[in-house]
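Each value in this text was obtained by applying a stated rule to the coordinates, not by laboratory testing. Keep in mind it's a predicted model, so treat the numbers as computed, not measured. Cβ coordinates were reconstructed from backbone atoms using ideal geometry, including for glycine residues, and neighbour counts include every protein chain displayed.
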Amino acid sequence: MTSLTDDMHIHDEDIRNKQLTLDFLENELKQKQQDLDELIKIDQDKTNVYGLLMSDCLKEIQNNQQFHQKPIGPIGKMLFPFFILLDYSFS
């Protein structure tokens, strides 16, 4: 009877170890998927070649109602924050 009990404890420990390994691997997979998603997002946003803040700048330009015409191209889009700092009026 003790041999059966010992075998059960050994198998229980083996199951726990395998579950810990599985949990670790699932966590690693989740982290790698998040990293991949972030890299895909960066690659898809073509404005990142102009700096990581360019996306935020473009959103601000889109939401701003002061323009008669929106700035064209990356240079025009990059100049907008400087105009705000200089307090120029676009109207």
**Request:** Determine whether residue 5 is surrounded by 10 or more Cβ atoms within 10 Å (Cβ to Cβ), among the hydroxyl-bearing types (Ser, Thr, Tyr) and more than 26 Å from the chain's Cα centre (by Cα).
**Result:** no
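Residues are listed down the side, and each one gets a yes or a no for (1) assigned to a helix (DSSP H, G or I); (2) over 16 Å from the mean Cα position of the chain (by Cα); (3) surrounded by fewer than 10 Cβ atoms within 10 Å (Cβ to Cβ):
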| position | (1), (2), (3) |
| --- | --- |
| 19 | yes, yes, no |
| 49 | yes, yes, yes |
| 52 | no, no, no |
| 56 | yes, no, no |
